[in-house]
Amino acid sequence: MPQDSKHNLEILRHSAAHLAAQAILDLFPTTILTIGPATEDGFFYDVLPSTSFKEEDLERIEQRMHFFADQNLPITHKEISKQEARKIFGNNPFKLELIEKIPGDMVGLSQQGDFIDLCRGGHVHSTGLIKHIKLLGLSGSYWRGDKNNAPLQRISGTAFFTAEELENYLKQREEALLYDHRKLGKQMDLFSFHQEGAGFPFYHPKGKRIINTLIDYLRRLLDEQGYQEIATPIMLNDELWRCSGHYEHYKENMYFCLIDSKSFAIRPMNCPGSILLYNERPRSYRELPLRLAEFGLVHRHELSGVLHGLFRTRAFTIDDAHIYCMPNQIEDEISAMIKLVYQVFRKFEFEHISVGLSTRPDNSMGSEILWETATNSLKSALEKNKIPFKLQEGEGAFYGPKIEFKIHDSMGREWQCGTIQLDFFQPENFDLSYIASEGTKQRPVMIHRAIYGSIERFFGIILEHFKGNLPFWIAPLQVKLLTITDAQLPYAQKLFDLLKSENIRAEIDLSSDPLSGKIKTAQLERIPWMLVLGNKEMSQETITLRYRDGKQETGLSWTDLRALIHKNS
Ligand SMILES: [Zn+2]
Ligand SMILES: [Zn+2]
């Protein structure tokens, strides 16, 4: 979607939030409004009703929205003094709080018909333009997202410019709900959450199998690419986090504990550990580029309201790597990383990937020349790999430019996964150096990169992307052997042993169900391959291979099957 239309859609959706608030106040005049922003795919309005809304109220509210839309009321906006605003919103403690937080003496006021709202503006011109709307749900929320504040009710919805777009979205949403990874995780016995540790996932054997496969796959590639794997502590003392700047900027999201009456933090990021290891002894230019990879478990405190299955957890593992190199090595390193990122995403059948390059912001640190060298290296690496990218001028971190990769899944959603972040700050901050060929002490450049990002989140993404039907190579149980009668069990056992020798995760169905029942069970378990074995197969030493979608191949020899296994691994 072009940036312009994205912006227009935001304006439309935010206006739809006002329309929802207008409808709510019309039907339930004692409701207290808080805020109603546009979101990634719609809008919400958080309100404090005098009696809780029920699902069936949504339909009435939506009808009322259409009523005000049909009236085609002009939406106007003006600036008023805070003093006047305090009078207008005197009965609304939330709006009063917002008024105090707005800098300056003036605040914005929007109006449509009798309805007024505190707002900085950015609306469509009249309610008649807000036609294609749908209220989607009711949920609990808290003022400012904080559990210690007043509990509120959130009314969410969406709006589009055309009926067709709205219809497509609703269809896609229905599909997404059907294949919600939390639902699949339960159905497929992969993971669970427990109230004893909200936001901390428990992996069941099959789920852990998948996580391990994700890690094993990447580990093999990293090995080929000259990375070396390290492991650094999950807890380090506060001094380190003060030095890295995390304490100052990220303290609210960190967990702390005392060891021998000294304060330690559980790491929210893996970088400082890698840096200490680099700095442990003098480094020579001969060692560079030094590629240190770490599958690092991090903990970050997220508000309970935003936790969302594996997508938003309080503990997750990053497929992290830190590359220490000389400025003239940046381009080759980035180029190799880009290739690796594409190789990995293609393996998971993500065909469409969008790439953004964020450049120097106003408040940056590091010399002009370093920024220029680095940014040009990133650009040139992208161009040499023929990767189209969007230039995001000024959107880089203050400490270096970055490349971000977004994958598009089978349901048309976008996920930001891989990042390549250059860092001029930490090498300075921790006084990192290497001895150059001419014997002088030089400062290396540090590159942070992740491909999956959070492995947990990536797991959730692929689960939804494949709608639970994971490809053969990553499925926790790959093959199920189904005999027509017990007479074929010895043959099944023989094939099972052969499969094991190929490291295939297989199981023999030992139940006394008829074949149709065994097939049904395997389908429910979403097993990619079933080997159907009857007397004919046993006597001819062949295999009937039945795929998850019901397609079959008959008369396969073990050699044929083994070739298929290798093709799909
Ligand atoms: Zn507004
Ligand atoms: Zn890092």
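So if R0 is 35 Å, what FRET efficiency would ALA150 and HIS125 give, r being the distance between their Cβ atoms, rounded to the nearest 0.05?
On the way: r = 34 Å, r/R0 = 0.97.
After rounding, the FRET efficiency stands at 0.55.
Can you tell me the FRET efficiency between ILE80 and LEU177 if r is taken as the Cβ-Cβ distance and R0 is 45 Å, rounded to the nearest 0.05?
On the way: r = 42 Å, r/R0 = 0.94.
Efficiency, rounded to the nearest 0.05: 0.60.
Going down the list LYS134/LYS406; LYS6/LYS82; LYS386/LYS467; LYS183/LYS406; LYS82/LYS251; LYS206/LYS500, which pairs span over 26 Å between their C-alpha atoms?
Details: LYS134/LYS406 28 Å; LYS6/LYS82 32 Å; LYS386/LYS467 31 Å; LYS183/LYS406 24 Å; LYS82/LYS251 33 Å; LYS206/LYS500 17 Å.
The answer is LYS134/LYS406; LYS6/LYS82; LYS386/LYS467; LYS82/LYS251.
Place a +1 charge on the Cβ of each Lys and Arg in the chain and a -1 charge on the Cβ of each Asp and Glu, then give the dipole magnitude about the Cα centre in debye, rounded to the nearest 20. If you can, show how the numbers build up before the last one.
Values: 67 positive and 75 negative charges, 157 e Å.
Using only the charged Cβ atoms, the result is roughly 760 debye.
For the pair ARG562 and LEU391, how long in nm is the line joining their label points, each one 7 Å along Cα→Cβ?
5.5
Report, ordered by chain and residue number, the aspartates and glutamates lying within cross-link reach of LYS441, taken as a straight Cα distance under 15 Å and ignoring same-chain residues fewer than 8 apart.
GLU287, GLU428, ASP431
For a quick check: sort HIS125, HIS408, HIS448 by the number of other beta carbons within 10 angstrom, fewest at the front.
With the fewest neighbours first, HIS125, HIS408, HIS448 line up as HIS125, HIS408, HIS448.
So what does log10 I(q)/I(0) come out to for the chain at q = 0.05 Å⁻¹, using the Debye formula with one equal point on every Cα and no solvent?
Here log10 of I(q) over I(0) equals -0.29.
What is the distance, in nm, between label points placed 7 Å from the Cα along the Cα-to-Cβ direction at ASN8 and at GLU224?
Modelled inter-label distance: 4.6 nm.
What's the center-to-center distance, using Cα atoms, between region 334-384 and region 508-569 in Å?
45
Estimate the FRET efficiency between SER569 and ASP497 by the formula 1/(1 + (r/R0)^6), using the beta-carbon distance for r and 22 Å for R0, to the nearest 0.05. The partial results should precede the final answer.
Numbers: r = 18 Å, r/R0 = 0.83.
E(calc), rounded to 0.05, equals 0.75.
Just tell me which aspartates and glutamates come within less than 14 Å, Cα to Cα, of LYS54; anything on the same chain fewer than 8 places away is out.
Cα-Cα hits under 14 Å: GLU62.
Which value at 222 nm does the chain reach when only helices count, each DSSP H run of 4 or more adding -39,500 (n - 2.57), with the total divided by all residues and rounded to the nearest 500 deg cm²/dmol?
-11500 deg cm²/dmol
So how much slack lies between SER410 and GLU56, counting 0.36 nm per residue of separation and subtracting their Cα-Cα distance, in nm?
124.2 nm
I need the P(r) histogram for region 6-173: all alpha carbon pairs, bin width 10 Å from 0 out to the longest distance, whole percents.
10, 40, 38, 11, 1
What helices does the chain have that are whole DSSP H segments, at least 27 Å long along their own axis by Cα, and with mean Kyte-Doolittle hydropathy of -1.0 or more?
Details: long enough: 3-27 (36 Å, -0.14); 205-224 (28 Å, -0.53).
Span-like helices here: 3-27, 205-224.
Between ARG443 and SER261, what length in nm is gained on full extension when 0.36 nm per residue of separation is reduced by their alpha carbon distance?
Numbers: separation 182, 0.36 × 182 = 65.52 nm, distance 3.59 nm.
In short, 61.9 nm is gained.
Treating cross-link reach as a plain straight distance, find the aspartates and glutamates whose alpha-carbon is under 17 Å from the alpha-carbon of LYS339, omitting any fewer than eight places away in the same chain.
Within the straight-line cut-off, LYS339 pairs with ASP223, GLU224, ASP319, ASP320, GLU331, GLU349, GLU351, GLU383, GLU404.
Points 7 angstrom from Cα along the Cβ direction at LYS384 and VAL306: gap in nanometres?
3.8
Of the DSSP beta bridges with both residues in region 479-568, give the percent that are antiparallel, rounding to the nearest 5.
On the way: 7 of 15 bridges.
Around 45 percent antiparallel, to the nearest 5.
Once you have the Cα-Cα distance between GLU280 and SER192, take 0.36 nm times their residue separation minus that, and quote the gain in nm to one decimal.
On the way: separation 88, 0.36 × 88 = 31.68 nm, distance 3.99 nm.
Gain in length upon complete extension: 27.7 nm.
Rounded to the nearest 5, what is the percent of antiparallel bridges among the DSSP beta bridges in the chain?
Values: 84 of 98 bridges.
Here the antiparallel bridges make up roughly 85 percent for the chain.
Kindly identify region 479-568 as rounded, prolate or oblate by the Cα gyration tensor criterion: order the square roots of the eigenvalues as a ≥ b ≥ c, call it rounded if a/c is under 1.5, otherwise compare a/b with b/c, prolate if a/b is larger, else oblate. Write down the numbers at each step before the final one.
Details: a/c = 1.39, a/b = 1.13, b/c = 1.24.
Rounded shape, in that the Cα axes give a/c under 1.5.
If one computes the Cα centroid of region 210-277 and of region 172-196, what distance in Å separates the two points?
First find each Cα centre; the distance between them is then 29 Å.
No lab work stands behind these numbers, since they all come straight from the coordinates. Every value quoted in this text rests on a predicted model; they were computed, and no experiment measured them. When we count neighbours, we look across all protein chains shown, and the Cβ atoms used for this are built from the backbone with ideal geometry, even at glycine.
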